[in-house]
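> Once you've had a glance at the structure underneath, I'll fire off some questions.
Each reported figure results from applying straightforward, stated rules to the coordinates on display, with no laboratory input. None of these values were measured; they are calculated from a predicted model. Cβ coordinates were reconstructed from backbone atoms using ideal geometry, including for glycine residues, and neighbour counts include every protein chain displayed.
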Amino acid sequence: MCKLNNFHFVRFLPLFFLLNISCLPVKASSALAAWSLKSNGVLELRTRKNSNLKAYYQKANQLYGDRFWVDFNGELLNPRIIKGNGPVKEIRLGKPVSGITRLVIEFAPQKSINPYELKLIGVNENKWKIKLTSFPLNSFKTIKEGNVSKTSFSSQKRNQSISVRDINLRITDLPNIKRNKYSVVIDPGHGGSDSGAVGINGLKETDVVLDVSKIVTKLLQEKGVSVKMTRNKEVEVDLSPRVSFANKTNSDIFVSIHANASRGKKSYINGIETFYYSGWRGRLLAEKIQKEILKVSAGSPDRGVRRGRYYVIKRTNMPAVLAEIGFVTGRLDSRRLEKKIHRRRVAFAIAKGILEYFKRVG
Ligand SMILES: [Zn+2]
């Protein structure tokens, strides 16, 4: 069908590629041509030109270790499992659904990878790269199939990057509580001309906490909780209107969300802390939230649950907490807070803490 003689092949190589694409059978073969997980922790992929890839991460559970996978269009001829070595348990190539190829890298138990930095980068039209692990160099031997370094005819840079979706963040993973029973006020700190703390790379507290607060609100609403926000856009709201608004709603709890800054912007200061003003309910709520945020903030110090005299938690007349979800001035925290995926994880953590609290107090 698409055969050309040698003379034409040499002269009309771009045309050949075009024709080749148009000749693909209805059920296309896999867009994955070759892959290599190198001993430096970098996964390289060679694909059909201009393929659409989707990448996912899932943290370990009882059945599996940490997993990273990529879905490609087209089907494999022979699904297979390749034994890993060192921290890499195995690599699977399969067909999760008709018309898709899935490359799964599963890590050994207790060998977790850090999902925050994961980005799949398009090097050119048919090559992709992602740094998966920071295990000590040569802690495993390169595992590969095929030759990843074959380049396509045009090596034009794509500069495309694909975010790795964290499939742990599913609404069904949050605890269930009685629907239409509970109500919450979410208070994103600062706003408008009051940007709050400004950190590394100009990262603004107001932007971070508004994004997190909106996600918390959505998650809680999906769980049947009534939620009101003291602000849902970039506007300045004084502290006393926040409090009087909250008190008028007669809600069960008040949660203020902030990000921290250290004096003198010391980049080595990072950490999570949650404040309450008084009462066992406030303390319990703070403990639940603090615990969950720490779980998604690996390496960030636990600055603890503490009593604080902040206006918004002191003057509100329901159990009230103020969570500091990390330092915008801290190197570790700010690198995470500027990423959407981490803000989603923090929002999940806060929503989970709130739902756990309601489960406990009934
Ligand atoms: Zn603040």
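> For region 50-99, report the % of Cα-Cα distances exceeding 14 Å.
Here the long-distance tail beyond 14 Å is 62 percent of all Cα pairs in region 50-99.
> What is region 24-155's relative contact order, in percent, from Cα pairs under 8 angstrom and six or more apart in sequence?
Relative contact order comes out at 33 percent.
> From the helices alone, meaning DSSP H stretches of at least four residues, give me the mean residue ellipticity at 222 nm for the chain, per-run term -39500 (n - 2.57), in deg cm²/dmol to the nearest 500.
About -8000 deg cm²/dmol.
> Right, here's the next one. Specify, per residue and in Å³, the volume enclosed by the convex hull of the alpha carbon atoms belonging to the chain. The partial results should precede the final answer.
Working: hull volume 62.7 nm³, N = 362.
In the chain, the Cα convex hull volume per residue is 173 Å³.
> Cut-off is 10 Å between beta-carbons; in what order do Val42, Val123 appear when sorted fewest neighbours first?
Fewest to most other Cβ atoms nearby, the residues stand as Val42, Val123.
> Measuring from label point to label point, each 7 Å out along Cα→Cβ, what is the Lys233 to Tyr268 span in nm?
Those two pseudo-labels are separated by 4.4 nm.
> Now for a separate question. Along each principal axis of its Cα atoms, how long is region 166-320 end to end? Whole angstroms, biggest number first, please.
So the three principal-axis extents are 45, 38, 30 Å.
> Applying 1/(1 + (r/R0)^6) with R0 = 22 Å to the Cβ-Cβ distance of Lys49 and Lys129, what FRET efficiency is obtained, to the nearest 0.05? Let's see the in-between values first.
Details: r = 16 Å, r/R0 = 0.74.
The value I calculate is 0.85.
> What list of ³J(HN,Hα) values in whole Hz, one per residue of region 49-62 in order, does the Karplus curve 6.51 cos²θ - 1.76 cosθ + 1.60 (θ = phi - 60°) give from phi, with Gly and Pro shown as x?
4, 6, 7, 9, 10, 10, 10, 9, 10, 9, 6, 4, 9, 5
> Which residue fluctuates most in the GNM of the chain (Cα springs below 10 Å): Gly264, Gly330, Gly299?
Gly264
> Related question: If you rank Ile113, Ile81, Ile272 by fewest surrounding Cβ atoms within 10 Å, what's the result?
Fewest-to-most ranking of Ile113, Ile81, Ile272: Ile81, Ile113, Ile272.
> Evaluated at 20 °C with a viscosity of 1.002 mPa s, what Stokes-Einstein diffusion coefficient in µm²/s does region 47-184 have when Rh comes from the Kirkwood expression over alpha-carbon pairs?
Result for D is 126 µm²/s.
> Turning to a different aspect of this structure: In the structure displayed, which of Lys248/Lys340; Lys49/Lys131; Lys38/Lys291 lie more than 24 Å apart, Cα to Cα?
Too far apart for the 24 Å limit: Lys248/Lys340; Lys38/Lys291.
> Averaging sequence separations of C-alpha pairs under 8 Å and six or more residues apart, then dividing by the length of region 186-279, give the relative contact order as a whole percent. Mind showing how you got there, number by number?
Numbers: 104 pairs, mean separation 34.9, N = 94.
Value for region 186-279: 37 percent.
> Over 27 Å between C-alpha atoms is what I'm after, so list which of Lys89/Lys352; Lys141/Lys295; Lys223/Lys288 land there.
Lys89/Lys352; Lys141/Lys295
> Contour minus end-to-end for Ser226 and Arg309, with contour as 0.36 nm per residue of separation and end-to-end as the Cα-Cα distance?
Length gained, Ser226 through Arg309: 27.2 nm.
> Just to verify a number: FRET efficiency for Asn176 and Leu137, C-beta to C-beta distance, R0 = 45 Å, to 0.05? Please list the in-between numbers first.
Values: r = 45 Å, r/R0 = 1.00.
FRET efficiency, Asn176 to Leu137: 0.50.
> Let me ask something else. If you average the sequence gap of Cα pairs under 8 Å that are 6 or more apart and divide by the length of the chain, what percent do you get for the contact order?
15
> Next up: By count of other Cβ within 10 Å, fewest leading, how are Val208, Val305 ordered?
Going from least to most buried by this count: Val305, Val208.
> Select from region 254-323 those GluC sites (Glu not before Pro) which occupy a DSSP coil region and have at most 10 other Cβ atoms within 10 Å, ordered by residue number.
Within region 254-323, no GluC sites (Glu not before Pro) qualify (loop, at most 10 other Cβ atoms within 10 Å).
> More than 23 angstrom separation, counting every C-alpha pair in region 249-342; what % is that? If you can, show how the numbers build up before the last one.
Numbers: 1108 of 4371 pairs.
Roughly 25 percent, rounded to a whole number.
> Which whole-angstrom value gives the distance between the alpha carbon centres of region 228-287 and region 31-69?
Each part reduced to its Cα centre gives a spacing of 39 Å.
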